[in-house]
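All remarks here apply to the structure that follows.
The values are calculated or read from the model by the stated rules, or taken from the named source; none is laboratory data. Keep in mind it's a predicted model, so treat the numbers as computed, not measured. Please note: Cβ atoms are built from the backbone with ideal geometry, for glycine as well, and neighbour counts cover all protein chains shown.
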């Protein structure tokens, strides 16, 4: 409620106006509201609330990528949300340089597509790591070969499938990687003036650091915009029961690949004997033919087994399990 003036204050104001001590135009200028220009060519379709909810979704997504990507790269990966903003699609594509790594993702069951923009420095580092290197990017960018694109496609499919879980509180999605483009001119999937939300993730693979930009067009998210607010988000979040959570963790662990090796035996020979080894020479081991072999999971001895064959492959038959207390 506005301030109510007394009769004496009203008389004082009238006297000041009549004497010229108070300027009416100056009083009106003090009450003038600031007007902000509105650009109709760039309508504000994503509010701060929408962007904040998208950040929450992709913070969860970043944690999943940090957990699953090291399985492929065998190297520590850190992913965090860096920023979020709204721009037109033309501004997004104009900022891209060639070559690029753009994953065009069908965001089923929603209409339209989204784009995953992976920094080329990260792409080269992933390729180097998966092909046996230490994960060092190229000093100068070049076009990707067909073999490299197939390897990158495997990574992009994994990044696409990991989006299911973070979006579950909004909608059950089944994202499918449509294709990978290395030229931004062939990724014109929406109109240039359409508004998009860009969520930028900062990824660090060892000493290599770069960005992943997730391009989310308004046309694609239009059907679920009402659900992209923190009030709806937290109201639909359900805590996992301990039993379900344990089953979920167990299902993730079961998918992890682990190295297993069976050791026939060991031997010690001189360097001279080693240098003179020829085809057909025999090396005597410290085990007998009918003795059990040690089977290692990683570097931990977990089983004993007997050697044998399974069809056309060598095999071992487990004879005992070594417990931790043993």
*asked:* Going residue by residue through the range 72-82, is there one that turns out to be part of a helix (DSSP H, G or I), in contact with a helix residue (DSSP H, G or I) (Cβ under 8 Å, 6 or more places away or on another chain) and more than 23 Å from residue 183 (Cα to Cα)?
replied: yes
*Assess whether residue 109 counts as being modelled with pLDDT of 85 or more, closer than 24 Å to residue 62 by Cα, assigned by TED's automatic domain parsing to the domain that holds residue 57 and part of a loop (DSSP other than H, G, I, E, B).*
yes
_Filter result for the condition that a residue is closer than 30 Å to residue 52 by Cβ, assigned by TED's automatic domain parsing to the domain that holds residue 203 and without any contact (Cβ under 8 Å) to a residue 12 or more places away in the chain, over 95, 82_ = 95
*Quickly run through the range 169-206 and pick out the residues that are closer than 23 Å to residue 228 by Cβ, out of contact with any strand residue (DSSP E or B) (no Cβ under 7 Å at 6 or more places or on another chain) and surrounded by 15 or more Cβ atoms within 10 Å (Cβ to Cβ).*
169, 170, 173
*Could you list, in sequence order, the residues of the range 180-199 that are assigned to a strand (DSSP E or B) and touching a helix residue (DSSP H, G or I) at 6+ places or on another chain (Cβ under 9 Å)?*
180, 195, 196, 197, 198, 199
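Condition check ((1) out of contact with any helix residue (DSSP H, G or I) (no Cβ under 7 Å at 6 or more places or on another chain); (2) at pLDDT 85 or above) across all residues:
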{"residue": "34", "(1), (2)": "yes, no"}
{"residue": "45", "(1), (2)": "no, no"}
{"residue": "54", "(1), (2)": "yes, yes"}
{"residue": "61", "(1), (2)": "yes, yes"}
*Taking the stated definitions as given, is residue 93 exposed (fewer than 14 other Cβ atoms within 10 Å of the Cβ), touching a helix residue (DSSP H, G or I) at 6+ places or on another chain (Cβ under 9 Å) and outside any strand (DSSP E or B)?*
no
*Selected residue [surrounded by 16 or more Cβ atoms within 10 Å (Cβ to Cβ), within 21 Å of residue 201 (Cα to Cα), in the same structural domain as residue 207 (by TED's automatic domain parsing) and in contact with a helix residue (DSSP H, G or I) (Cβ under 8 Å, 6 or more places away or on another chain)] from 126, 156*: 126
